[in-house]
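Below is one structure, written out as structure tokens; comments come after it.
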Amino acid sequence: MSGRALPIGVFDSGVGGLTVLRALRLALPAEDFIYLGDTARLPYGTKSPATVIRYSLQCAAALVVRDIRCLVVACNTASASALAALRLQYPSLPVIGVIEPGAAAAVAASRTQHIAVIATEGTIGGGAYQDAIRRLNANARVTPCACSLFVAMAEEGWTSGPIAAAVAQRYLDPIFGVAGAPDTLVLGCTHFPVLAPAIRSVLPPTVQIVDSAATTAAAVLRQLQAAGPATPLTGTKPVTGTAAVTGMTPETGARRAAGRVTWLATDGAARFARVGTTFLGETLHEADVEIVDL
């Protein structure tokens with residue numbers, strides 16, 4: 001026995017979930033992780049709910065056989081469509097999605113309880129954020145908007161400059177350029193945080209931007225503490241305050257995590273490493289990415 005706890009499994013349709021993994025590693029720097037990007041079948045946002053459930057169960061199975069102690073669904077579309085199926089399939093395994101923590105952060109941040117949500121077509125169409133927010137506050141007003149083009153822009157690295165700003169303005173002006181606009185915006189896709197500067201540039205300065213990555217990390221920490229892990233959660237850092245609202249995790253300049261990460265993808269190790277470097281904020285190498293067949 002090495003004395004180390006079992007790893008935490010994280011999956012996404014591609015590299016967007018690396019924004020969640022980044023927050024998790026900062027909150028739990030001593031923990032080991034296994035990250036699976038289903039790059040052969042992305043994006044999930046345009047797939048039917050039945051297909052997303054099938055893909056998600058396959059991703060989870062690939063992680064469960066590697067002896068994980070917690071499963072983080074770092075994909076808004078999968079969280080919207082497949083969370084119940086995953087929890088039913090693995091009743092003894094903690095399964096945490098990104099929507100419930102993000103909705104809670106939005107309700108806590110909003111003064112007027114008028115909240116805008118931008119996400120993929122699948123997440124918006126399924127109404128998951130709308131339902132989660134209204135479960136917390138039945139009187140909340142939710143303005144949803146599908147911004148699927150943001151996903152392609154993030155994957156291509158078009159995260160700043162006039163093109164990014166113009167697309168952000170086209171999507172958001174009809175929501176925030178009117179009287180009685182929302183005072184809070186939820187980034188309801190894990191790809192969107194890398195576009196946060198472009199999004200912020202076209203919003204009124206008083207609008208709060210909520211990214212669920214930091215709040216998901218806090219939810220994972222609470223779950224593991226409650227479950228009583230096999231070894232102590234060492235080196236944990238609380239995720240509180242403005243971190244949950246802005247999407248920035250505490251101590252931005254924190255040292256690199258001591259825990260290990262195993263990198264899995266279903267296609268394109270070179271692209272996964274190249275694009276993933278942008279999302280993770282540190283260099284990934286093609287040689288470290290194992291291609292798996294689901």
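Just so it is clear, none of the values below were taken in a lab; they were calculated from the coordinates. Fair warning: this is a prediction, and the values are worked out from it, not measured in the lab. Cβ placement follows ideal geometry from the backbone for every residue including glycine, while neighbour counts extend to all protein chains displayed.
A few points about this structure:
- More than 22 angstrom apart: percent of Cα pairs within region 100-212: 25 percent
- Fewest-first ordering of His114, His285, His191 by other beta carbons within 10 Å of each residue's beta carbon gives His285, His114, His191.
- Mean Cα-pair separation over length for the chain, i.e. relative contact order, pairs under 8 Å, 6 or more apart, %: 27 percent
- For peptides 8-16, 59-67, 21-29, sequence by mean Cβ density within 10 Å, most packed first: 8-16, 21-29, 59-67
- Take the convex hull of the alpha carbons in region 25-172; its mean projected area over all directions comes to 10.4 nm².
- Packing-based ranking of 137-144, 183-190, 206-213, 267-274 yields 183-190, 206-213, 267-274, 137-144, ordered from highest to lowest mean Cβ neighbour count within 10 Å.
- By the beta-carbon count within 10 Å of each Cβ, the least crowded to most crowded order of Ser160, Ser56, fewest first, is Ser160, Ser56.
- Principal-axis analysis of the Cα atoms of the chain puts helix 99-109 at an angle of about 50° to the longest axis.
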